[in-house]
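Scroll down for the structure; my scribbles are underneath it.
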Amino acid sequence: MQKEKILFISHKKKQCGVYEFGKHIFNAISSSKKYEFIRAECNSLGELGSAIKQHGPQIIIFNYHPSVMPWACTKVAKGLYKNNLNRLNAISIGIIHEVNQHIADNATNYRNKYILGSSGKRLHALFDFYIAPDPTLLLKNPIVYKTGRLIPEYHGAVIEPAIPTIGSFGFGTPNKGFQKVVQKVKEEFDKAIIRLNISYADFGDRDGANARKIAQECIDIAKGSNIGLEITHEFFDDEAMLKFLAANSINVFLYEDSKNRGISSAVDNALAVKKPIAVSRSAMFRHILAAKPSVAAGDLSLKTILSNGFSPLEKLTAEWNKENLIWEYERIVSSVISHKRNSAGRESSFSIMRKIRQRLTFPDKKFTWLRSTEEITEDDLTADEKIIFREIDIPKNIPVNRILDNKARELYRPAIDKLFEIVPKTMSKKIAEANVQQGFVFNTTYHYIRQFKNPKILCVGSYEDTAAMSLKKMGFQIDEIDPMINYYLQEYCTKPSVEKKSYDIIFSTSVIEHDPDDKSFMEAIDLLLKPKGVAIITCDYNDQWKPGEPKPEVDARFYTKKDLEDRLLSYLPSCELVDAPEWDCPDPDFCYLGKYHYTFATFVIKKKEL
């Protein structure tokens, strides 16, 4: 069977970070066994038209940046869509390089509209969909997808210098912080070597004047110290760059750019050689600033970061690899192609894309009414491993599988109060009567954590889940999935790096009732749960409810006793309830919006031993 053709458009070769990024992405995804990715370098609308005519693609992906592809700024929209150049019948996807949450949230595919970017510049709506290579984004906009990063593979020699050797590289453009690197090394080390590669940029510093100016400033700072300084201006190819990074003790990037920038590709290369990395708190490094211990030079000294080694960043090298990136692009392409096949008639491009994009994802983006659209506050994310929580002593006659009613609210009050203490700003946005679910999940998960040695934990529906946030602040490592931040559970199971039967604990608070396919939801949990592992789930419950009767719009269903006892358990042949349940509830005591009466139930299972 012939594979669908996906045309990947980039500008012609330049000493340019956008070009290098696109080259690396294409080299990875060209190994796809599902789609035929074809690369074309174009410097004009005419060259693009020729490539389209030659290959007849289903989808065109643009490695787009206005500085390197100015001919596409409005001409793609007007020429390809209004004038129907070469009778194009392809969907366009643009990679957003300088992406932040504002840009992603406001991206549009209205052809005659534009938005103001965070820098104040007009951002024209060129594409039907967008890809943001930023794993930190929240997925609030249904036409924006995101991917992880791509860490290159390095199999060369790794040198351990006898003298502390600090390396950094980048184009000689403003705010790269090379001078700060020299100053910091001078302050911290009695003797060291600094190696800087400050190359000329075809876009922004073609003659190298700024690169040479920065180099001289670095030389002046190093004067009078016992710090050796080696500066080159050569533009390294991929192999030479990785070799350069692998020969340093630590690689340091102290960029001064702030919130209005995308993620720096410099770290992708530095991660490849598995040497310690130190960065500034620039937003361009936001994807690694959650590492523990910190890799931020403002938090710890370069000496401390160096002594901590590469372990704080080790997990990222497994996550941001070639196999996962291929999987990311394949699922994005599959999604977009399914939209095209499901669309009927010839409506406007925006109308078609909007409708089919909404049909793509399940469940709906409004994943639970317990969440707001606001971003989680930084205070609620800050780690504090000194937090102490005393598990609630549950009487033996009260089962884990139960109704979370007013009696449960009183029982789990200490856990709810603790959540308000740990993550007050996020808890304050919740519906007070529904917080019994968070208190139950927090207390029960903590109970099972203490029964495992270094348990592997997964939270399903983690965005604004205060139990997950609190456990993380207490120092526990938790893998998180949520359609707002990355994947649906069913998608996550297919990711190449996800190990089946590997989780000791899986917990999910008020998520399953929003998923239109709870069978595949439960099968995914069964697939991921380790033998003797435990899954802790809460759901909206009304034993008197029947399909077709009123319910909140965001719920796919209310659960009944029969659902929990028979249907859900039938999807989990290798699992069993942890105890005898008490799910009788003739009079639900929770009311939502003044008209929906129901309660909450727990569903806690364990996987049988092999």
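Of the residues in the range 225-244, how many are part of a helix (DSSP H, G or I), among the aliphatic types (A, V, I, L, M) and under 19 Å from I214 (Cβ atoms)?
Residues flagged as part of a helix (DSSP H, G or I), among the aliphatic types (A, V, I, L, M) and under 19 Å from I214 (Cβ atoms) within the range 225-244 amount to 1.
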Exercise for the section: Would you mind stating whether S199 is in contact with a Leu (Cβ under 9 Å, 6 or more places away or on another chain) and modelled with pLDDT of 90 or more? Expected result: no
Problem - Residues of the range 452-480 satisfying the condition of being out of contact with any strand residue (DSSP E or B) (no Cβ under 6 Å at 6 or more places or on another chain), over 19 Å from I387 (Cα atoms) and free of Cβ contacts under 8 Å to residues at least 60 places away in the same chain - result: K453
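One line per residue, one yes/no per condition, for (1) over 28 Å from the mean Cα position of the chain (by Cα); (2) over 20 Å from V400 (Cα atoms); (3) free of Cβ contacts under 8 Å to residues at least 24 places away in the same chain:
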position: K500; (1), (2), (3): no, yes, no
position: D518; (1), (2), (3): no, yes, no
position: E523; (1), (2), (3): no, yes, no
position: Y541; (1), (2), (3): yes, no, no
position: R557; (1), (2), (3): yes, yes, no
position: L572; (1), (2), (3): yes, no, no
position: P586; (1), (2), (3): yes, no, no
Handout entry: Residue satisfying condition, being under 25 Å from E153 (Cβ atoms), in contact with a strand residue (DSSP E or B) (Cβ under 7 Å, 6 or more places away or on another chain) and surrounded by 21 or more Cβ atoms within 10 Å (Cβ to Cβ), within set I25, I38, I61
Key = I61
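Can you name the residue in the range 425-441 that is without any contact (Cβ under 8 Å) to a residue 40 or more places away in the chain and either surrounded by 19 or more Cβ atoms within 10 Å (Cβ to Cβ) or outside the structural domain of G594 (by TED's automatic domain parsing) (or both) and, of all such residues, is nearest to the chain's Cα centre (by Cα)?
It comes out as M427.
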Problem - Within the range 111-155, tally of residues that are more than 13 Å from the chain's Cα centre (by Cα), modelled with pLDDT of 60 or more and farther than 30 Å from L242 by Cα - result: 7
Exercise for the section: Would you point out which residue out of Y487, Y463, Y446 is surrounded by fewer than 23 Cβ atoms within 10 Å (Cβ to Cβ), part of a helix (DSSP H, G or I) and assigned by TED's automatic domain parsing to the domain that holds K532? Expected result: Y446
Practice task
Determine whether A283 is under 13 Å from N197 (Cα atoms) and touching a residue at least 12 places away in the same chain (Cβ under 8 Å).
Solution key: no
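On the basis of being part of a strand (DSSP E or B) and not assigned by TED's automatic domain parsing to the domain that holds I25, does N251 make the cut?
Numbers: part of a strand (DSSP E or B): yes; not assigned by TED's automatic domain parsing to the domain that holds I25: yes.
It is true that N251 is part of a strand (DSSP E or B) and not assigned by TED's automatic domain parsing to the domain that holds I25.
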Problem - Which listed residue is under 24 Å from V99 (Cβ atoms), among the charged types (D, E, K, R), modelled with pLDDT under 95 and part of a loop (DSSP other than H, G, I, E, B), from K259, K315 - result: K259
Practice task
Please state which one of L569, L564 is in contact with a Pro (Cβ under 9 Å, 6 or more places away or on another chain), outside any strand (DSSP E or B), at pLDDT 95 or above and surrounded by fewer than 24 Cβ atoms within 10 Å (Cβ to Cβ).
Solution key: L564
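Consider I163 carefully, then state whether it is touching a Ser or Thr at 6+ places or on another chain (Cβ under 7 Å), aliphatic (A, V, I, L, M) and at pLDDT 95 or above. Lay out the reasoning, then the answer.
Values: touching a Ser or Thr at 6+ places or on another chain (Cβ under 7 Å): no; aliphatic (A, V, I, L, M): yes; at pLDDT 95 or above: yes.
Taking the combined requirement at face value, the residue does not satisfy it.
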Problem - Matching entry among I60, I52, I6 (being part of a helix (DSSP H, G or I), closer than 20 Å to V333 by Cα and modelled with pLDDT of 90 or more) - result: I52
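The values are calculated or read from the model by the stated rules, or taken from the named source; none is laboratory data. Not measured: the values here are computed from a predicted model. Here the Cβ is made from the backbone with ideal geometry for all residues, glycine too, and neighbour counts use every protein chain on show.
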